[in-house]
Amino acid sequence: MTTNTGNTRGGNTTGGTSNRRRKLRNFAPLLIDVAVPLGAYYLLKNGFGMSTLMALGLSSVVPAVRTGWGVWKAREVNGLAALILFVNVVSLLLSFVAGDPRLMIAKDSAVSSTIGIGIIVSVVLGKPMMTAGMKPWVIKGDVGREAAWARLYAGSARFRRAERLFSLVWGVVLLTECVVRVVGAYTLPVDTMVWAGNVIMIVAMGVGFLVSGALGAGPMAAMVVAEARAQAREGEALAGQGGGACEGGLVSVGLAGAK
C-alpha cells in the first residue's frame, strides 16, 4: 500500500508538471505573436515616453524575428507573426500621414482592416489564424481534450467548419469595424468621433466574442468534451474487460492446481 501511494503521488506530480508545460506550449504562440508586440508597443510609448514611430519600430522586432526564424528553420511563414509585423509596418507608414484630423481618425481603422483581411485570407487558405488563440481555451491543457481535438480535426467536417467560422466571424467583425470608423470619421463631428471610436471598438469586440463563441468556439468545445468523455469510457470498458480476463485466468489456474 505504501509503495503504491508513493507511486501515485509521483505520478500526480509528474502529470501536473506535464499539464503546466502543455498549457504554456498552447499559449506560447498567442503570447509571443500578439501579447509581446502589443505590450511592448504600449510600454515603450506610454511607459517610456517614446514616439509612436520608435515604439512601433521596436515592437516589430519580435514578430520580425519569429517570421524570419519560421522561414529559415521550418521553411514556412508564421501567419500570426507575419500579420502583426505587416500591421506594424502599415502603422509606421501611416504615422507619417498628418494634417487632416478626419484622416488621422480614419487611419486608426487601418489596423483593424489589415488584421481582418489577413484573418479572412487565412480561412480561405484553410489555415484559420484565430485557432491559435482559441484552442487553449477549448482544451484547457487537458491531455484527453487535446487528443480529442486531434481526432475531431482529422475526422469531423463539422468540427473543421466551426473552426473556420470562428476565424471568419472575427475577420468580418474587424473589417466591419474599419468601415464604420471610416464612415464615422467623414460624417460625424471630429469631437464626437474621438470618443465614438472607442465605443465602436468595444461593441465590435463584444459582437465578435458572442457570435464567434456561438458559431465556433462553443460547438467546438462541446464536441471536444463529448469526444474526450467517449474515449475515456471506451478506455474504462477495455480496462474492465482486461481485468475480467485476468481474474478468469487466475480462477482457472487455481482450479487446475486444486485438481
Evaluate the following for ARG229: is it among the basic types (Lys, Arg), farther than 17 Å from VAL123 by Cα and open to solvent by less than 40 Å² (accessible area, probe 1.4 Å)?
-> no
Kindly establish whether VAL173 is aliphatic (A, V, I, L, M) and either in contact with a Pro (Cβ under 7 Å, 6 or more places away or on another chain) or at pLDDT below 85 (or both).
-> no
Hits in the range 157-183 (condition: of a type outside the set (A, V, I, L, M) and farther than 13 Å from LYS135 by Cα) | ARG158, ARG161, TRP170, GLY171, THR176, GLU177, CYS178, ARG181
Within the range 212-235, can one find any residue that is aliphatic (A, V, I, L, M) and modelled with pLDDT under 90?
-> yes
List every residue pair whose Cβ atoms sit under 8 Å apart, with the two residues 6 or more apart in sequence or on different chains, where the first one lies in the range 105-117 and is more than 15 Å from GLY171 (Cβ to Cβ) and in a helix (DSSP H, G or I) and the second, anywhere, is modelled with pLDDT of 70 or more and β-branched (Val, Ile, Thr).
-> ILE105/VAL190; ALA106/VAL182
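The values are calculated or read from the model by the stated rules, or taken from the named source; none is laboratory data. All values reported here derive from a predicted model rather than from experimental measurement. All Cβ positions, glycine included, derive from the backbone under ideal geometry; neighbour counts span all protein chains shown. Heads up: the accessible areas ignore ligands, DNA and RNA and are worked out on the full protein's heavy atoms, side chains in. Shrake-Rupley method; radii C 1.70, N 1.55, O 1.52, S 1.80 Å.
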